Amino acid sequence: MQPSISRLRARTAEAAGNAATGPAIAPLSAGRPWRQRLDPMPVLGVMATIGLWYLASWLIGRYMPPPHEVFANAARNLVASDYFVGLGLPEGGYLPHLLYTSMTVVLGVAMGVGLGCLTGLLSARWRVFDQITDPIVATFGTVPILVAAPFFLIWFGLVASAQLILVAFYTTVIMHIYSLQAVRNLDPKYVEFARTLGASSGAIFLRVVLPGAVPEIFGGVRVAFAASWGLAAIAELLGSRYGVGYAILTFESVYDLASIMTIILLLGLIALAMDWLIGRARAWITRWAESAAA
Amino acid sequence: MSGHGKGIVVRDAWCVFEHVSGRKVEALREVTLEIPVGQFVCIVGRSGHGKSTFLRALGGLNPLTRGEVFVDGVPVAGPSAERGMVFQDETVFPWMRVRANVEFGLRAQGMSAAERARIALDWLRRVELSEFVEAWPRELSGGMRRRVALATVFAGGAPILLMDEPFGALDYVTRLSLHRLLLDLWRNTGRTIVFVTHDIEEALILADRILIIMAGRVVDDLPVALPRPRDEEVRARPEAVGMIKTIMHHLGLDALAAEGFERAPELAARR
C-alpha cells in the first residue's frame, strides 16, 4: 500500500519522455477523443475473473465464498441489515461504511491535492522552497503507513478524523512530487517563447506553466486516489468506529468471510467508478493533447 | 560611443560557457556588427559553432560575458516583446486553440478582447489559416503549426524577429511555401528579421545579407544583391554560385566539393 517515492519519480520521468517526443501529425478528424468506446476485452476480463473465482471457491470450499453468495449478500445488506445491527454495527447495511470511507478518501485526496500542488509548484518556482521541502518530503514520504498510522491516531484521533489526515498527508507527498516534476519536465522553450511575447511571470505561470503541467498532475491525482482507498481502509482497521476497515474487523471477529469479500468488492467498485470519473475529467481538461484517452 | 541609431548594434560580444567538464567554451568571440532596420539577415554556420548563441544573445535570452547588444540605441537586458522569437521546435502552445495562441502576445500587452480577436483573425488570414481558427494545434500539420508561430510573432508587433532554424524539420515542399509566405509577410511589414539556418539554399532564397559564423566568430559578411524572387534560375547565376562556393569554403566543405568527398572526414573514417 505504501507508494514508493522512487517508483513515482520513475513514472513521472517516463511521462516526460513521452511528452518530449510530442504529437507529430494528428488526424484532422480527431473529433472528441475524450469519448470512449466500449471494448469487448474488459468484459472478457470480468468474466474470466468470475470464472477463476468459482474455481477457487470450488477448490478452497468454506473459506472462499462463491461469487453468487457475495452478490446476494451485497443485495441483501446494501442499505439495511438487521444482521449487522446484531453484530453491533450501525443500521443501514454497507452503505454508511462505504460512504464514510469514500468521504474520507475524497476529502483527504482533495486536501492533499491542494496542498501538494501548492508546495510542489512553489518548489518549482523558487529553488529555496524546494531545498527546504525536499528533505521533508523525502523523509516523511517514505515512512510506511503501518508505522505512521498509530502516530496519526494518537495525534489526530481525538480532534479530527485521523484517517482523513493520513490520506491527506500521503496525497500531499505524492502530489508534491508529481507537480514539481510536471513543471520541471515542461520544455523551457514554452516559457522562453512566452517571455519573448512580453508575458509577465504571473501570466506565464497561469497560462503556460500550469496548463503544461496539468496532464502529469492528473497522473498524480490518479495514483493518489488509487493508493488512498487502501490507506483509508488500513487506517480504519487500526482504530476507528466507522468505515469499511472497521466493518471488516467486525466481520472478521465472527468469521464472516462473505461479508468481508462483499464490502471489499463494493469499495473496489466505488474506486473503479472514481477512477473512471477522474479519467474522463482528465481527458476533457487535456483534450488538447493527443494521448487524451490514456 | 556607438550603440546609437536605429536597428541592431552588436559591439564586441563575447559569450563564454563553462562546459560540464570544466573546459571553457567560447560560443561567441568579439562579434561586432550592425543590422539596419528592415534587413533580412541569414546566419549560416556549422552546428555548434555559435549561431543559436548569437541569436539568443540578440533576443536577450543568453547574457553576454562581455560586450553589448543595442536595439535602437538601448542596451538589451533581457527578453522583450520588441524582439519576437521563433524557435527550432514547436513554438505553439498545444493547450491553446490556434486563435488563443496568436492572441497570447496581444493579451500580454493588455489589449481588449475584441481588439485581440480582430488582430489575430487578420494575421491568421494572412498565413492562410482562417479555417483553423478554433482548431487545436495537434490537429494541424507541422507546416501549419509553423504558420501559427509566424502569425503569433508577427501579430505580437515586434519590430525585430529572431528565427532559429524555424523550418529545419520540415519537408522540402512545405519549406519552400513557408519561404514564400515569410518573404511576403516581411515585405508587407518591413520588420527586421535575423534567421539562423544550416541550409545554404534557404539563406540564398531569403536573405539580403548572409553572415557566416564559425567557431564563435563572424568570418564573413556577404551582401546578397540577387534580384527577387530568388527562383532556381536566379540561384544558378554565376554570382549566386560564387556565393555558394564562398560559403562552402568557410564551412570547410570546399575540399569535399573539389575532391569528390575523398577528404570528408566522416566518410574517410568509415572506410
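Nothing in this text is a laboratory measurement; each read-out follows from the coordinates by a stated rule. All figures in this text were calculated on a predicted structure; none of them were measured in a lab. Note that we place each Cβ from the backbone using ideal geometry, even for glycine, and neighbour counts take in every protein chain shown.
Applying Stokes-Einstein at 10 °C and 1.306 mPa s to the Kirkwood radius of the protein assembly as shown, computed over alpha-carbon pairs, gives a translational diffusion coefficient of 56 µm² s⁻¹.
For a Förster distance of 45 Å, can you work out the FRET efficiency between the beta-carbons of A:ALA110 and B:TYR172, rounded to the nearest 0.05? Could you put the intermediate results ahead of the total?
Numbers: r = 53 Å, r/R0 = 1.18.
The calculated FRET efficiency here is 0.25.
With both labels modelled 7 Å from their Cα along Cα-to-Cβ, the B:LYS245 to B:ASP184 distance reads 3.7 nm.
Figure the gain on full extension for A:LEU52 and A:PHE140 (residue separation times 0.36 nm, minus the Cα-Cα span) and round it to one decimal in nm. Full extension from A:LEU52 to A:PHE140 adds 27.7 nm. A full extension of the chain between B:GLU131 and B:VAL219 corresponds to an added length of 27.2 nm, given 0.36 nm per residue minus the alpha carbon distance. Helix B:142-155 and the long axis of chain B differ in direction by around 70°, with both axes built from C-alpha atoms. Between B:ARG217 and B:ARG29, the built amide H atoms are under 5 Å apart, and every one of these is 5 or more places off in sequence or on another chain. Between helix B:172-189 and chain B there is an angle of about 70 degrees, using the helix long axis and the longest principal axis of the Cα atoms.
About the Cα centre, and with charges only on the beta carbon of Lys, Arg (+1) and Asp, Glu (-1), how big is the dipole of the protein assembly as shown? Nearest 20 debye, please.
Working: 54 positive and 50 negative charges, 86 e Å.
Once rounded to the nearest 20, the dipole reads 420 debye.
Annotation note: trypsin sites (Lys or Arg not before Pro) in the stretch A:223-289 located in DSSP loop regions with a Cβ neighbour count of at most 14 within 10 Å are A:ARG241. Ordering B:ASP164, A:ASP134, B:ASP208 from the fewest to the most neighbouring beta carbons within 10 Å gives A:ASP134, B:ASP208, B:ASP164. When you filter the trypsin sites (Lys or Arg not before Pro) in the stretch B:1-99 for DSSP loop state and at most 16 other Cβ atoms inside 10 Å of their Cβ, you are left with B:LYS6, B:ARG23, B:ARG46.
Legend: mean number of C-beta atoms from other chains within 10 angstrom of residue C-beta atoms, peptide B:133-140, equals 5.
Let me check I've understood the local charge: for A:ALA281, count other residues with C-beta under 12 angstrom from its C-beta, Lys and Arg +1, Asp and Glu -1. What total comes out? Walk me through the numbers on the way to the answer.
Details: positive: A:ARG222, A:ARG280, A:ARG282, A:ARG287; negative: A:ASP275.
In short, +3.
Selection among B:GLY105, B:VAL86, B:ALA135 by position relative to the dipole of the stretch B:81-137 gives B:GLY105 as farthest towards the positive end (Cβ unit charges, Cα centre).
Computed from Cα atoms, the angle from the helix B:98-108 axis to the main principal axis of chain B rounds to 90 degrees.
Using the crude model of +1 on Lys and Arg Cβ and -1 on Asp and Glu Cβ, and no other charge, please compute the dipole size for chain B relative to its Cα centre, in debye to 20. Numbers along the way, then the final one.
Values: 35 positive and 35 negative charges, 77 e Å.
Value, rounded to 20: 380 debye.
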